[in-house]
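The values are calculated or read from the model by the stated rules, or taken from the named source; none is laboratory data. Because the structure is a prediction, the values reported are computed rather than measured. Quick reminder, even Gly has a Cβ in these numbers, built from the backbone with ideal geometry, and neighbours come from all protein chains shown.
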Amino acid sequence: AVNRTPERVFKVVFIGDSGVGKSSVIHRLCQDAFKSTFAATIGIDFQVKAMELEGQVIALQLWDTAGQERFRSITKQYFRKADGIVIVYDVTSAQSYLHLREWLDCIQEGDGDGAVKLLLGNKVDLLAPTKKAATEVAGSARAVEAQAAQRLADECSDSGKAAPALFFEVSAKSGKSVGEAFVKFA
Ligand code: GDP
Ligand code: MG
(Lines give C-alpha, C1' and ligand atoms only; values in the text may rest on other atoms or scores of the structure.)
(Ligands and ions follow the chains in the order given, each with its own letter.)
Protein backbone atom coordinates (compact mmCIF):
# COMPACT_ATOMS: atom_id res chain seq x y z
CA ALA A 1 0.00 0.00 0.00
CA VAL A 2 1.12 3.54 -0.70
CA ASN A 3 0.74 5.87 2.27
CA ARG A 4 2.27 9.10 1.04
CA THR A 5 0.07 11.95 -0.11
CA PRO A 6 -0.37 11.74 -3.88
CA GLU A 7 1.37 14.40 -5.93
CA ARG A 8 -1.30 14.16 -8.61
CA VAL A 9 -4.84 12.85 -8.74
CA PHE A 10 -6.30 11.61 -12.02
CA LYS A 11 -10.00 11.26 -12.72
CA VAL A 12 -10.76 7.95 -14.44
CA VAL A 13 -14.26 6.96 -15.57
CA PHE A 14 -15.47 3.46 -16.42
CA ILE A 15 -17.93 2.68 -19.21
CA GLY A 16 -19.22 -0.43 -20.96
CA ASP A 17 -22.31 -2.64 -20.91
CA SER A 18 -23.95 -3.73 -17.71
CA GLY A 19 -22.50 -7.05 -16.51
CA VAL A 20 -19.09 -6.87 -18.22
CA GLY A 21 -17.34 -6.50 -14.87
CA LYS A 22 -16.62 -2.79 -14.39
CA SER A 23 -17.37 -2.82 -10.65
CA SER A 24 -15.40 -6.08 -10.31
CA VAL A 25 -12.33 -4.60 -11.99
CA ILE A 26 -12.44 -1.57 -9.68
CA HIS A 27 -12.84 -3.88 -6.69
CA ARG A 28 -9.90 -6.05 -7.83
CA LEU A 29 -7.74 -2.99 -8.28
CA CYS A 30 -8.61 -1.34 -4.95
CA GLN A 31 -9.20 -4.34 -2.67
CA ASP A 32 -7.28 -7.03 -4.57
CA ALA A 33 -10.31 -9.30 -4.20
CA PHE A 34 -13.27 -10.61 -6.14
CA LYS A 35 -16.84 -10.82 -4.96
CA SER A 36 -19.62 -12.29 -7.00
CA THR A 37 -22.35 -9.76 -6.34
CA PHE A 38 -22.45 -6.01 -5.95
CA ALA A 39 -25.19 -4.02 -4.35
CA ALA A 40 -26.08 -0.87 -6.28
CA THR A 41 -23.38 1.65 -5.49
CA ILE A 42 -25.68 4.34 -4.18
CA GLY A 43 -23.93 7.23 -2.50
CA ILE A 44 -20.45 6.10 -3.53
CA ASP A 45 -19.07 8.11 -6.42
CA PHE A 46 -15.57 6.77 -6.76
CA GLN A 47 -12.83 4.68 -5.19
CA VAL A 48 -9.21 5.72 -4.99
CA LYS A 49 -6.20 3.69 -6.01
CA ALA A 50 -2.85 5.12 -4.99
CA MET A 51 0.20 4.02 -6.95
CA GLU A 52 3.90 4.73 -6.84
CA LEU A 53 5.36 5.22 -10.29
CA GLU A 54 9.01 6.04 -10.80
CA GLY A 55 9.21 7.43 -7.26
CA GLN A 56 6.09 9.61 -7.68
CA VAL A 57 2.91 8.88 -5.79
CA ILE A 58 -0.23 9.38 -7.83
CA ALA A 59 -3.85 8.51 -7.20
CA LEU A 60 -6.48 7.28 -9.60
CA GLN A 61 -10.00 8.36 -8.78
CA LEU A 62 -12.04 5.50 -10.25
CA TRP A 63 -15.62 6.44 -11.12
CA ASP A 64 -18.18 3.68 -11.60
CA THR A 65 -21.36 4.05 -13.65
CA ALA A 66 -23.46 2.81 -10.72
CA GLY A 67 -25.80 0.89 -12.98
CA GLN A 68 -26.51 3.78 -15.37
CA GLU A 69 -25.23 1.86 -18.38
CA ARG A 70 -27.75 2.70 -21.04
CA PHE A 71 -25.86 4.71 -23.65
CA ARG A 72 -27.81 7.92 -23.35
CA SER A 73 -28.04 7.90 -19.58
CA ILE A 74 -24.33 8.58 -19.08
CA THR A 75 -24.16 12.33 -18.80
CA LYS A 76 -21.58 14.81 -20.00
CA GLN A 77 -20.95 15.55 -16.35
CA TYR A 78 -19.60 12.02 -15.89
CA PHE A 79 -16.87 12.62 -18.51
CA ARG A 80 -16.12 16.17 -17.36
CA LYS A 81 -12.40 16.67 -16.76
CA ALA A 82 -11.72 12.94 -17.06
CA ASP A 83 -8.01 12.25 -17.50
CA GLY A 84 -8.67 8.65 -18.42
CA ILE A 85 -11.51 6.48 -19.68
CA VAL A 86 -11.64 2.72 -19.14
CA ILE A 87 -13.86 0.94 -21.66
CA VAL A 88 -14.76 -2.61 -20.64
CA TYR A 89 -16.27 -5.51 -22.60
CA ASP A 90 -16.61 -9.23 -21.80
CA VAL A 91 -14.48 -11.57 -23.97
CA THR A 92 -17.29 -14.17 -23.92
CA SER A 93 -19.96 -11.68 -25.08
CA ALA A 94 -19.96 -10.57 -28.73
CA GLN A 95 -22.76 -8.15 -27.90
CA SER A 96 -20.70 -6.31 -25.28
CA TYR A 97 -17.96 -5.88 -27.89
CA LEU A 98 -20.34 -4.73 -30.66
CA HIS A 99 -21.65 -2.06 -28.31
CA LEU A 100 -18.18 -0.53 -28.01
CA ARG A 101 -18.86 1.64 -31.07
CA GLU A 102 -21.74 3.24 -29.23
CA TRP A 103 -19.62 3.69 -26.13
CA LEU A 104 -16.96 5.38 -28.25
CA ASP A 105 -19.65 7.71 -29.66
CA CYS A 106 -20.66 8.42 -26.08
CA ILE A 107 -17.10 9.49 -25.30
CA GLN A 108 -17.16 11.88 -28.27
CA GLU A 109 -20.48 13.36 -27.28
CA GLY A 110 -19.20 13.77 -23.74
CA ASP A 111 -16.06 15.60 -24.97
CA GLY A 112 -13.89 12.83 -23.59
CA ASP A 113 -11.73 12.65 -26.71
CA GLY A 114 -8.66 14.11 -25.04
CA ALA A 115 -8.59 11.52 -22.28
CA VAL A 116 -6.24 8.54 -22.32
CA LYS A 117 -8.18 5.38 -23.07
CA LEU A 118 -7.81 1.85 -21.80
CA LEU A 119 -9.75 -0.94 -23.49
CA LEU A 120 -10.24 -4.01 -21.31
CA GLY A 121 -11.49 -7.41 -22.45
CA ASN A 122 -12.57 -8.88 -19.10
CA LYS A 123 -13.39 -12.43 -17.90
CA VAL A 124 -10.53 -14.27 -19.64
CA ASP A 125 -10.69 -16.80 -16.78
CA LEU A 126 -13.88 -18.16 -18.38
CA LEU A 127 -12.16 -19.10 -21.61
CA ALA A 128 -11.47 -22.75 -22.23
CA PRO A 129 -7.94 -23.35 -23.54
CA THR A 130 -9.18 -24.49 -26.97
CA LYS A 131 -12.42 -24.38 -28.94
CA LYS A 132 -12.67 -28.15 -28.69
CA ALA A 133 -12.27 -27.98 -24.92
CA ALA A 134 -15.02 -25.36 -24.75
CA THR A 135 -17.55 -27.88 -25.99
CA GLU A 136 -16.25 -30.70 -23.80
CA VAL A 137 -15.56 -29.11 -20.45
CA ALA A 138 -17.14 -26.33 -18.51
CA GLY A 139 -15.72 -23.22 -20.11
CA SER A 140 -16.89 -20.61 -22.55
CA ALA A 141 -15.86 -20.11 -26.10
CA ARG A 142 -14.11 -16.87 -26.89
CA ALA A 143 -16.55 -14.48 -28.56
CA VAL A 144 -14.07 -11.70 -29.31
CA GLU A 145 -10.63 -12.16 -30.83
CA ALA A 146 -7.86 -10.24 -29.12
CA GLN A 147 -6.53 -9.06 -32.50
CA ALA A 148 -9.86 -7.40 -33.34
CA ALA A 149 -9.89 -5.54 -30.04
CA GLN A 150 -6.25 -4.55 -30.50
CA ARG A 151 -7.14 -3.12 -33.94
CA LEU A 152 -10.00 -1.14 -32.42
CA ALA A 153 -7.64 0.28 -29.79
CA ASP A 154 -5.12 1.17 -32.51
CA GLU A 155 -7.85 2.89 -34.51
CA CYS A 156 -8.68 5.00 -31.46
CA SER A 157 -5.06 6.09 -31.15
CA ASP A 158 -4.74 6.76 -34.87
CA SER A 159 -7.77 9.01 -35.12
CA GLY A 160 -5.60 12.00 -34.25
CA LYS A 161 -7.70 13.88 -31.74
CA ALA A 162 -7.83 10.91 -29.40
CA ALA A 163 -5.07 10.08 -26.95
CA PRO A 164 -3.50 6.61 -27.18
CA ALA A 165 -5.74 3.67 -26.46
CA LEU A 166 -4.18 0.77 -24.60
CA PHE A 167 -5.61 -2.71 -24.76
CA PHE A 168 -5.40 -5.61 -22.30
CA GLU A 169 -7.27 -8.83 -21.74
CA VAL A 170 -7.86 -9.24 -18.02
CA SER A 171 -9.76 -11.13 -15.36
CA ALA A 172 -11.21 -9.34 -12.36
CA LYS A 173 -11.86 -12.80 -10.92
CA SER A 174 -8.31 -14.20 -11.04
CA GLY A 175 -6.65 -10.79 -11.10
CA LYS A 176 -4.82 -11.63 -14.32
CA SER A 177 -3.19 -8.57 -15.94
CA VAL A 178 -5.33 -6.06 -13.98
CA GLY A 179 -2.37 -4.54 -12.13
CA GLU A 180 -0.22 -4.52 -15.26
CA ALA A 181 -2.93 -2.77 -17.30
CA PHE A 182 -3.40 0.00 -14.76
CA VAL A 183 0.31 0.61 -14.20
CA LYS A 184 0.71 1.11 -17.97
CA PHE A 185 -2.42 3.28 -18.09
CA ALA A 186 -1.30 5.41 -15.10
P1 GDP B 1 -20.71 -4.32 -14.14
O2 GDP B 1 -22.18 -4.31 -14.34
O3 GDP B 1 -19.99 -4.00 -15.42
O4 GDP B 1 -20.26 -3.46 -13.01
O5 GDP B 1 -20.30 -5.84 -13.81
P6 GDP B 1 -20.04 -6.52 -12.38
O7 GDP B 1 -18.69 -6.15 -11.88
O8 GDP B 1 -21.19 -6.27 -11.49
O9 GDP B 1 -19.98 -8.05 -12.83
C10 GDP B 1 -21.08 -8.66 -13.47
C11 GDP B 1 -21.01 -10.16 -13.25
O12 GDP B 1 -19.87 -10.71 -13.88
C13 GDP B 1 -20.92 -10.54 -11.78
O14 GDP B 1 -21.66 -11.72 -11.56
C15 GDP B 1 -19.45 -10.79 -11.58
O16 GDP B 1 -19.21 -11.70 -10.55
C17 GDP B 1 -19.04 -11.37 -12.93
N18 GDP B 1 -17.63 -11.07 -13.26
C19 GDP B 1 -17.03 -9.87 -13.26
N20 GDP B 1 -15.74 -9.97 -13.62
C21 GDP B 1 -15.52 -11.28 -13.87
C22 GDP B 1 -14.36 -12.03 -14.28
O23 GDP B 1 -13.26 -11.54 -14.51
N24 GDP B 1 -14.56 -13.38 -14.45
C25 GDP B 1 -15.75 -13.98 -14.21
N26 GDP B 1 -15.81 -15.30 -14.38
N27 GDP B 1 -16.83 -13.31 -13.82
C28 GDP B 1 -16.73 -11.98 -13.65
MG1 MG C 1 -21.36 -2.22 -11.80
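Quick notes on this one:
- Hits in region 74-106 - residues which are out of contact with any Cys (no Cβ under 9 Å at 6 or more places or on another chain), part of a helix (DSSP H, G or I) and among the hydrophobic types (A, V, I, L, M, F, W, C): Ala94, Leu98, Leu100, Trp103, Cys106
- Per the conditions (1) assigned to a helix (DSSP H, G or I); (2) within 16 Å of ligand 1 (Cβ to nearest atom); (3) of a type in the set (D, E, K, R); (4) free of Cβ contacts under 8 Å to residues at least 60 places away in the same chain, the sole criterion not satisfied by Lys35 is (1).
- Residues in region 173-186 that are surrounded by 16 or more Cβ atoms within 10 Å (Cβ to Cβ) and under 14 Å from Leu118 (Cβ atoms): Ser177, Val178, Ala181, Phe182, Phe185, Ala186.
- Entry remark, region 52-74: residues being in contact with a Leu (Cβ under 8 Å, 6 or more places away or on another chain) and more than 19 Å from Arg28 (Cβ to Cβ) number 0 in total.
- Within region 4-26, being within 15 Å of Arg80 (Cα to Cα) and away from ligand 1 (no atom under 16 Å from the Cβ) holds for Val9, Phe10, Lys11.
- Selection from region 69-88 of residues that are modelled with pLDDT of 90 or more, under 25 Å from Val144 (Cα atoms) and out of contact with any Gly (no Cβ under 6 Å at 6 or more places or on another chain): Gly84, Val86
- Test: Arg28 is more than 16 Å from ligand 2 (Cβ to nearest atom) and not in a loop (DSSP other than H, G, I, E, B): no
- Qualifying positions in region 52-92 - in contact with a His (Cβ under 9 Å, 6 or more places away or on another chain) and either surrounded by fewer than 18 Cβ atoms within 10 Å (Cβ to Cβ) or of a type in the set (S, T, N, Q) (or both): Phe71
- Evaluation of Lys22 against (1) among the basic types (Lys, Arg); (2) more than 13 Å from ligand 2 (Cβ to nearest atom); (3) closer than 19 Å to Ala186 by Cβ (one fails), failing number: (2)
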